[in-house]
Each structure stands twice: as structure tokens, then as C-alpha cells.
1. Can you pull out the residues in region A:34-58 that are closer than 19 Å to residue A:283 by Cα and outside any helix (DSSP H, G or I)?
2. Going by what's in this entry, would residue A:341 be described as in contact (Cβ under 8 Å) with a residue 60 or more places away in the chain and either within 14 Å of chain B (Cβ to nearest Cβ) or closer than 30 Å to residue B:57 by Cα (or both)?
3. I need the helices (runs of 4 or more DSSP H) fully contained in region A:210-284, keeping only those with at least 3 residues that are away from every other protein chain (no Cβ under 14 Å) and crowded, with 19+ Cβ neighbours inside 10 Å.
4. Evaluate region A:16-33: report whether one residue or more is closer than 22 Å to residue A:226 by Cα, out of contact with any strand residue (DSSP E or B) (no Cβ under 7 Å at 6 or more places or on another chain) and either without any contact (Cβ under 8 Å) to a residue 24 or more places away in the chain or part of a helix (DSSP H, G or I) (or both).
5. Please work out which residue is farthest from the other protein chains (Cβ to nearest Cβ), limiting yourself to region B:42-87 and to residues that are loosely packed, with under 13 Cβ neighbours inside 10 Å and in a loop (DSSP other than H, G, I, E, B).
6. Only residues that are buried (at least 24 other Cβ atoms within 10 Å of the Cβ) and closer than 20 Å to residue A:238 by Cβ: list them for region A:112-147, please.
7. Please work out if residue A:130 is closer than 26 Å to residue A:208 by Cα and not in a loop (DSSP other than H, G, I, E, B).
8. Can you tell me which residue is farthest from the chain's Cα centre (by Cα) among those in region A:199-209 that are crowded, with 17+ Cβ neighbours inside 10 Å and at negative phi?
């Protein structure tokens, strides 16, 4: 009982520090993890070896592998190239520009880190808007919202998906068959709604189309050879992800293998390449695993699942919808990674209590993925575009996000709920 | 010494002036640098053309490493700062003053300008009053003129 109380206190304290932003999330989680292990050792509910075993190296390896690949691709100018290319193709048509920029950001971020994608495409977006005299707000918000939405489609598109995939055993192919169709519909709903909500800005006539026509995408691509090499490896990696079950290998090995091949093939300056890896994110994940592991070892999760197991009598569809919306609302206000990591053992607990969990995993995927669109702080991509927009004449404020982003989040979650209910048998 | 090559007739601006007034002064007097003085004529800062022109630069300028893929700024070329921006006090754009004394050495003054990437530097007296100004060209040519004293290489 002491273990249950102490581990819960440590966990809640860490969560409080993370969500109140009193402490950087990585610092708070590392301190919390160490405290959990220390207290666990003293009171005998958690050991060092148990703590190490909780770190899901499949998740960390997959993230690290993909981060290495992106950090090699980043300096080649590939992302800028794509943005300049589609900007030019749009010929300054405001709606077409939104569709094209939204599409490339989504497609790229389905396979590569969406924060990096947005960080590199957003400045070019601002450039295109400024030279033709358009308001960059709809485009920046569109890129963040559409890339977050698109990321839900694949196993590697979004950190919560990587976590869920690893915990549930859902494969790359499972995501393509179950999540992708839903995402296509939901993504179109999001795009349509953005088009309607920003109709005034998108009705403006652009000026100085010559400046846009004279953009030369080739000059934005600094290192064509490396870019082609990286794209080739990513292509092979996707094939390997698809064959994951046939080959009997895990996604982490595919990602790390692809990273190793790229490193050997490109031989980039390794210090600089590794500097671009988001080590803080990897450590945050590892520390969260240790924290949640402490709760499990102390028996908190079993108690919690025991409580929720009373939900057994609820119809499974309703249970799924409750989970989807709870996660979506939580993810709109707080980081969806800790939400996902905390809910995974709960769902596993429900599974041991005899509740069918397959549809619950998908509810978690959709809730964590679409919920982040709701507020300006709901996802890292949102925070990134908002802070970049502060440098323009038309900054994206929380108020604007509530007026334009929140309706999109509600509509996408609503659409996802309908599809979830209609095709419930398919998710079971 | 700086005293020997400085210009004594310096165009300056009071700290109560607006950005618009500073711009007018630069245009009228065709200068790219203004020391900012307080009511006692003590130097409290300085503004150069780049400080004023930051108001003209588009947001993407600082967000992108290179602009090689574009050949024109388009609508940005004709976008002017908002009235409120140019009516703000000049002190809001001003840089801290980097100055030399009249009796400072030429090479020191040149080194200081190089480190702070300045093309002009105000010259002050012992009691911090502005007494003149020197440009990189003033100092550079003054230093180079001493090269006339260098003897020829012996074969």
C-alpha cells in the first residue's frame, strides 16, 4: 500500500511539473524517474533492473533511427525545395496553395518527423505569402493541423502511434489498413473546414505573381545527391516496414538499419548530424517509461484497471468513444505523449480483465492524433507555427486558434467517431 | 590619434525624436549613421541604416539561411512599415553606443569597429560629450598613409 501511495505521489508531482510548465518536461521526467527508482528501492516496490526493463527500446530505437535520417536530410534543402516547388505550381491561387502546401506537409510528415517538416516548410510558406501579399495564417495553421492529422495514418507518423504500435503489436500494415482510410476522410474534412473558416483570407487576390513565377526550386536544393540518397533509403525502409511481419523484424530494427545505411552511404559530419537529434525527446520518453513502470510495479495500474474493469458492462462501442473523446480533450491541452504512455498500461489492464482491447487501441490512436489540433499548445507543430508567425505582421494568437483550429479538431473527432462506430466491427 | 582624422561636423539626433524624424534626417543629410544624444548632449546610443531598415525587411528574411532561389521580393518591395512603427521613439531601435576617445589609437579604433561590425564610430571627449565622428575609410586611409614611411626591400 505504501508503494501505491508513494509511486502515485511521485507520478502526480512529475505530471504537475510538466503540465504547469514549471519545469522543462525532460528535466521534470528525468528527476521524477530517478526519484521513482530511489524511493522504490528504499520501500522495496521497484528495482533498478525492473526500471531498465520498462524502457521500450523498440519505441526509442524507431524514433532515434528516423531522427538520424531526418537530420541527414535537413541540411540538403529538400524540405524547402518541396515548398518552393508547390508554391510555384500554385501560380498564386490562394486555395490551391493551401491544398498543395497542406498535402506535401502531410505526405512528408506521414513518414518523417512532422515537427522538423513544419519547422522547415513554414519559413518558405511565410516567404511565398509575403511576396504575393497573402496572409500566412491559414497556410501555417493548415500545415500544422493537416500534418498532425496525416501523421495518424502510419505507424511512424506520430510518436503516440509508435508507442501504441509497440505496446499493442499493431503493425505498419495494420495502420495502413485501419487508420489510413479514416485519416483520408478526416483529413479532407479538416481541409474543407479550413477552406470555409478562412474563406475571407483565401478570397484575396494575390499580387506580384512574377516574383512567385521566378522562384527557382533547384537553387533551394543545396545538396541534391544526398537528398536523393536519403529518399531512396526512406523508400526502402517503407518497403521493409510493410514486410515487417513476413521478415519477422521489428520497426526499430528497420529504422535503425535505414539510419545506418544512410550514415554509411552519405558519411555526413557526424557531430553536426547528431547535434540535430532531439535527445531531449528520447530521454523524455525513456524517463516516462521508468515512471509508468514504477506505477505498474507498485500495483497502481492493477488497482486502476480494477476500477475501470467495472466498465465491462458498457457496450464496447461506447467504451471506445469515451476513450477517444477523453484522450482527444486531454491531448488538446497537454502533450499527447505522456497521455498515451499513461493510458497504455490501463488498456493492457483492461485486456487482462477480459475486455476486448483491439478497438480501444484505435480509439487511443484517433483521440491522441486528432485531439492536438484543438488548441495552440495542443501539438508541437502548432507551437512551432504560432511562434514563427509572431515574426510576421499577422501573428497566430490563441484566440485565432480557438476560432479556427478548435472547430477543426471538433469536426475531425466527430467524423472519426462516426466512422469508428459505423466500422466498429472492422476495428474489433 | 583619432583626433587627427575625425570629422567635427556631426549630424546627430535627440533621444526624444521619433524613428520617422531619424529617417528624415538621414535622407536630408544623406548620412547612414546618427549618434543619439540626451538633453545634456551626452551620447546615449546610436542608430544606423540597418537598424531603421529592419522595419522594412520581411519576416522570412531572418527565417531562411539563403535566398538564392528567389530573384525578387515581390509585394514586400512596396510594403511599408505601419505609421505606429515609424512614430515610435528612436530609442526603441537604438543600439548601445560604442565610442572612442579623441586620443584613442587608430588601430584600436579600427579593431573596435571591426569587432562590432560598424562603418562609423562616434568620438567623445573626456566628459562624454560628442566631439566628432570617424568612418572606416577615415581611419583606414589614415593608417595606410603611414605606410609611405616603410622603406623599400633590400635586394
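1. Correct list: A:55, A:56.
2. Against the criterion (in contact (Cβ under 8 Å) with a residue 60 or more places away in the chain and either within 14 Å of chain B (Cβ to nearest Cβ) or closer than 30 Å to residue B:57 by Cα (or both)), residue A:341 does not qualify.
3. Because the criterion is at least 3 residues that are away from every other protein chain (no Cβ under 14 Å) and crowded, with 19+ Cβ neighbours inside 10 Å, the helices (runs of 4 or more DSSP H) in region A:210-284 that meet it are A:224-242, A:251-266.
4. No, that holds for no residue.
5. B:87
6. Listed by number, the residues that qualify are A:113, A:114, A:117, A:147.
7. In short, yes.
8. A:206
Every number here is computed from the coordinates shown, using simple stated rules; none is lab data. Computed from a predicted structure; not experimentally measured. Cβ coordinates were reconstructed from backbone atoms using ideal geometry, including for glycine residues, and neighbour counts include every protein chain displayed.
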